[in-house]
Structures are given as structure tokens and as C-alpha cells.
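J.: I'd like to ask you about the structure that follows.
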Amino acid sequence: MDEQEFKNRADAGLDALYRKLSAASDRYDFEPDFNAGALAIEFEEPKGKFVISPNTPVRQIWISAHSKSFKLDWSDEKHTFVLPDTKQTLDEFIASAIGEHLGEEVRL
């Protein structure tokens, strides 16, 4: 995948995720913010912040959550970015990470 194709896929994936997070923030205690190509999810209680951003040189989406870094690769099979270890899609991983942080099941 070339750089422009990656940027298009990453932008589309993060934009779709932002829309889902915005809708879900009415039901759960977090606030999404999409700015300068990076998506942040901030929590009041318990205090925390996740950051999701594209890393163009390596063609990955990087996520900082739970004091760890996660790197998602594009999957032609699923047509989205996935975590290689668990095969979770970007949306599935973020819903799971938010749920872990809040201590409840989260659906996006």
C-alpha cells in the first residue's frame, strides 16, 4: 500500500471511529476529540486518556492506552486496521479498551 492509500484508509477509519465514539459518549463517561489527524479519548473518572494516530512511514495505526502502545496493521481480509495478536479490528479494540478502563461493557 502506498502512502496516499494508507492516508485515505487511516483517515476514513479514524473518522468513522470518531463518529461512533461521539454517539457512544452520550451513554458512557468519556469525551472524544479528533484534531490534526489524531483521535483522543479523555476520561474524567477514572482519569485517563487514549490517543489513536496514524503512523504513515510504517503504515500502521498506533494507539496509546493503558500505559501501553498498540500497533494495528491493515487487513485486506477485514478491510480495516487490526491488532495482529488478537485480530481485533480498530473498533473492537477501542470498545474493549474503553470498557476495561470504565469497568463495563462498551458497544460502539
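Quick note: the coordinates plus some simple rules give every number you see, no bench work behind them. As the structure is a prediction and not an experimental result, all values here were calculated from the model. Cβ sites come from the backbone with ideal geometry, for glycine too, and all protein chains shown count toward neighbours.
J.: Only Cα pairs within less than 10 Å get springs; with that Gaussian network setup on the chain, which residue of ALA40, ALA23, ALA95 has the largest fluctuation?
T.: ALA23
J.: Follow-up. Where Rh is the Kirkwood radius over the Cα pairs of region 1-77, the temperature 37 °C and the viscosity 0.692 mPa s, what D in µm²/s does Stokes-Einstein return?
T.: Answer from the Stokes-Einstein relation: 249 µm²/s.
J.: I've got another one for you. With a cut-off of 8 Å between alpha carbons and a minimum separation of six or more residues, what is the relative contact order of region 1-58 in percent?
T.: Relative CO of region 1-58 lands at 27 percent.
J.: Which of the GluC sites (Glu not before Pro) found in region 12-108 are loop residues per DSSP with 12 or fewer other Cβ atoms within 10 Å of their Cβ?
T.: GLU44, GLU77, GLU104, GLU105
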